[in-house]
Amino acid sequence: MSGRVLVGVKRVIDYAVKIRVKPDNSAVVTDGVKHSMNPFCEIAVEEAVKLKEKKLVKEVVAVSCGPQQSQETIRTALAMGADRGIHVEVSGKDYESLGPLQVSKIMAALAKKEEAQFIILGKQAIDDDCNQTGQMTAALLDWPQGTFASEVSLEGDKVMVVREIDGGLETIRINTPAVLTADLRLNTPRYATLPNIMKAKKKKIANVKPADLGVDLTSRLEVLRVEEPPQRQAGMKVETVEDLVAKLRDAGKV
Amino acid sequence: MMANPLRAEVVRLYKNLLYLGREYPKGGDYFRDRLKAAFTKNKSVQDPEQIKAMIARGEYVARELEALYYLRKYRALKKRYYEE
């Protein structure tokens, strides 16, 4: 038992930003747009830090794959209480085609290298909404997985996970090492306060290249087109019930 | 001017609130103006007990802001991903 937890943190466009699609429909506009840590990753970091505060694990390592700016996201995780960071540098073309499969290969390689006991990830990112990285990482490592966790408790060398499933909750007990993915109700992530951000600057972030981990980043997916969701139609006011019925009839609703 | 032993703590609180205010729903500028006014208003207070009470109040505001930001994010995500 190494007592080491790897937490994946993704740098995404801030949840409050209005997303715009590029004029050529190839991707969304990211230049000059506010970015922050994926909210589900925040929940994952919080859970790892809580485990450490309860002395159930020894070290929390925050990992992010992406360009130079991903280090800011790792800093936020360090400010929340992670011990050190690993920045897997992916930029340019590789970053554009970086998907769940590539990230899970990186996470799996790092988990072996760092002899991690847990990998905790957000269940999905709010930019691509893939919800695949945790599952794929578990598959690549052949580890058990506790996805959509809304409660996690350690029982010796096993871990009990309450999962959010359609129409209710499912409780499972799995062996460690394991991959866990955080759902929205797992915990309340703490705010990265200014003094903690300052302190986090002293913590170490290691720089790793995917090639060092022996990971091939070729993607087999091709993005054909990115489109905005359809505009919501404006409503209208009607004077009488007859008007309403007539309008509904015209629209073929009754 | 006499250096008040609580000065460092007041400055720290001010910086922290300024940092938190950047995300304020009505904008960082709106928050900063009011923050500055609130601190300036009490600049002549000398009584350590009174200053301590004011710091405690400032820290309470900071916690409230954190809670506000968390709720705003939580609600946005809940609306986006969970139908109820």
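The values are calculated or read from the model by the stated rules, or taken from the named source; none is laboratory data. If you're wondering where the values come from, they're calculated on a predicted model, not measured in any experiment. Don't worry about glycine lacking a Cβ; one is built from the backbone with ideal geometry, like all the others, and counts go over all protein chains shown. Side chains included, ligands, DNA and RNA excluded: accessible areas come from the protein's heavy atoms. Shrake-Rupley method; radii C 1.70, N 1.55, O 1.52, S 1.80 Å.
Net charge near A:Ile172, counting Lys/Arg +1 and Asp/Glu -1 over other residues with Cβ under 13 Å of its Cβ?
For residues surrounding A:Ile172, the net value is -1.
Distance between the modelled labels on A:Ala246 and A:Glu115, one decimal in nanometres: 8.1 nm (7 Å Cα→Cβ projection). Relative to the longest principal axis of the Cα atoms of chain A, helix A:39-53 runs at roughly 30 degrees.
For the range A:53-189, the spread of Cα coordinates along the three principal axes comes to 42, 33, 29 Å, biggest extent given first. Net charge in the neighbourhood of B:Gly27 (other residues with Cβ under 13 Å of its Cβ; Lys, Arg +1, Asp, Glu -1) is +1. For the range A:53-128 and the range A:189-254, compute the distance between their C-alpha centroids and round to whole Å. Between the Cα centres of the range A:53-128 and the range A:189-254 lies a distance of 21 Å.
Give me the percent of DSSP beta bridges within the protein assembly as shown that run antiparallel, rounded to the nearest 5. If I count the DSSP bridges inside the protein assembly as shown, around 40 percent turn out antiparallel.
With Cβ to Cβ distances under 11 Å as the rule, what net charge do the other residues near A:Lys237 carry (K, R +1; D, E -1)? Result for the neighbourhood of A:Lys237: -1. Interface A-B: total buried accessible area of about 1800 Å², 1.4 Å probe, protein heavy atoms only. As a ratio to 2.2 N^0.38 Å, the alpha-carbon radius of gyration for the range A:156-245 is 2.07. With N as its number of residues, chain B has a Cα radius of gyration that, divided by 2.2 N^0.38 Å, comes to 1.38. Among the listed pairs A:Lys52/B:Lys36; A:Lys52/A:Lys199; A:Lys10/A:Lys58, those with a Cα-Cα distance over 29 Å are A:Lys52/B:Lys36. Under the classification rounded if a/c is under 1.5, otherwise prolate if a/b is larger than b/c and oblate if not, where does the range A:1-101 fall, given a ≥ b ≥ c as square roots of the Cα gyration tensor eigenvalues? Prolate is the answer for the range A:1-101, as a/c is 1.5 or above and a/b outweighs b/c. Rounded if a/c is under 1.5, else prolate if a/b beats b/c, else oblate: with a ≥ b ≥ c from the C-alpha gyration tensor eigenvalues square-rooted, which is the protein assembly as shown? In terms of gyration-tensor shape, oblate.
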